[in-house]
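Student: One structure, pasted below without further comment.
The values are calculated or read from the model by the stated rules, or taken from the named source; none is laboratory data. Treat the numbers as computed from the prediction; the structure is a model and nothing was measured. With ideal geometry, Cβ positions are generated from the backbone for all residues, glycine too; neighbour counts draw on all protein chains shown. Remember, those area values only see protein heavy atoms, side chains included, never the ligands or the DNA or RNA. Shrake-Rupley method; radii C 1.70, N 1.55, O 1.52, S 1.80 Å.
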Amino acid sequence: MARPRKPLLSYDRIVETARELVDAEGLAALSTRLLAAELGVSGPSLYNHFRTKDEILEAVADSVSAQVDLSMFEDGRDWRTALHDWAVSYRAALRDHPNIVPVLARGPGRRPAGLRLADAVYGAMVAAGWPPAQATSIGALMRYFIMGSALGSFAGGFVDDASAYDPADYPHLGQAHLLAEQQEKIDERAFETGLTALLDGLALQYEQVRRTA
């Protein structure tokens, strides 16, 4: 009787499994030993594809960047609509994988998907008429805003305990204990409020750029 074959160890399988472990356990919990055990292989087998744990984390981060939709920069949407739709897609990817955000926040480095993302945003802004320096600033600004929104929940940072907010100490937080139960709704509204304000400000600058050109 033939012995069952082990699943082939591949780059994609390692990255997918590592991403699942980071999602479930966090960055600190990931180790090559745990990852190898999850894959059903010996630790040294991983080194045929990755030299270090950091390389694995970089690949996981890039796999999340690859989930961000970039089609809005190619299908004729105006620059403001494209930035809005991209920001929503980017935040959705980070919201699904919040534990990898600290790695993504370091910047794209040499990651292919991360570099394609940066290239698409910058190229679209320059094509829309933004000067190169301002296009660079817009990319940075959007990244700060989106990453910051993904690093933690504002509403989720309040405890569901009214006694924690004694009106003698916090006279304006009488309803703070109710925030956690509406976490998703509040955080979504806050993101859209901030994104709209940010884009409104850029639109004013854009008009000035057009008048000066």
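Student: Would it be correct to say that residue 137 is surrounded by 11 or more Cβ atoms within 10 Å (Cβ to Cβ) and modelled with pLDDT under 95?
Tutor: Numbers: surrounded by 11 or more Cβ atoms within 10 Å (Cβ to Cβ): yes; modelled with pLDDT under 95: no.
No; evaluated as a whole, the condition is false for this residue.
Student: Follow-up question, since we're still on this one. Any residue at all in segment 37-49 that's surrounded by 12 or more Cβ atoms within 10 Å (Cβ to Cβ) and of a type in the set (D, E, K, R)?
Tutor: There is at least one residue in segment 37-49 that is surrounded by 12 or more Cβ atoms within 10 Å (Cβ to Cβ) and of a type in the set (D, E, K, R).
Student: Now, a different point. Taking residue 123 as the residue in question, decide whether it is closer than 23 Å to residue 66 by Cβ and either open to solvent by 30 Å² or more (accessible area, probe 1.4 Å) or of a type in the set (D, E, K, R) (or both).
Tutor: Considered against the rule, which asks whether it is closer than 23 Å to residue 66 by Cβ and either open to solvent by 30 Å² or more (accessible area, probe 1.4 Å) or of a type in the set (D, E, K, R) (or both), residue 123 comes out as yes.
Student: Can you name every residue in segment 102-111 that is of a type outside the set (Lys, Arg) and either open to solvent by 30 Å² or more (accessible area, probe 1.4 Å) or over 27 Å from residue 126 (Cα atoms) (or both)? Break it down stepwise before answering.
Tutor: So in segment 102-111, the residues of a type outside the set (Lys, Arg) come out as 102-105, 107-109.
Hits for segment 102-111 are 102, 103, 105, 108, 109.
Student: Confirm whether residue 148 is at pLDDT below 95 and either in a loop (DSSP other than H, G, I, E, B) or polar (S, T, N, Q) (or both).
Tutor: Values: at pLDDT below 95: yes; either in a loop (DSSP other than H, G, I, E, B) or polar (S, T, N, Q) (or both): no.
Criteria not met by residue 148.
Student: For residue 210, work out the one condition from (1) free of Cβ contacts under 8 Å to residues at least 60 places away in the same chain; (2) basic (Lys, Arg); (3) open to solvent by 70 Å² or more (accessible area, probe 1.4 Å); (4) assigned to a helix (DSSP H, G or I) it doesn't fulfil.
Tutor: (1)
Student: Name the one entry in 85, 69, 62 that is over 23 Å from residue 14 (Cβ atoms) and assigned to a helix (DSSP H, G or I).
Tutor: Answer to the check: 85.
Student: Considering each of 66, 24, 61 in turn, give the residue that is of a type in the set (A, V, I, L, M) and over 19 Å from residue 108 (Cβ atoms).
Tutor: Just one listed residue meets the conditions, 24.
Student: While we're here: Regarding residue 170, is this residue farther than 29 Å from residue 30 by Cβ, among the hydroxyl-bearing types (Ser, Thr, Tyr), out of contact with any Phe, Trp or Tyr (no Cβ under 8 Å at 6 or more places or on another chain) and not in a helix (DSSP H, G or I)?
Tutor: yes
Student: Ok, one more. Right, residue 66: open to solvent by 50 Å² or more (accessible area, probe 1.4 Å), in contact (Cβ under 8 Å) with a residue 40 or more places away in the chain and aliphatic (A, V, I, L, M) or not?
Tutor: In short, yes.
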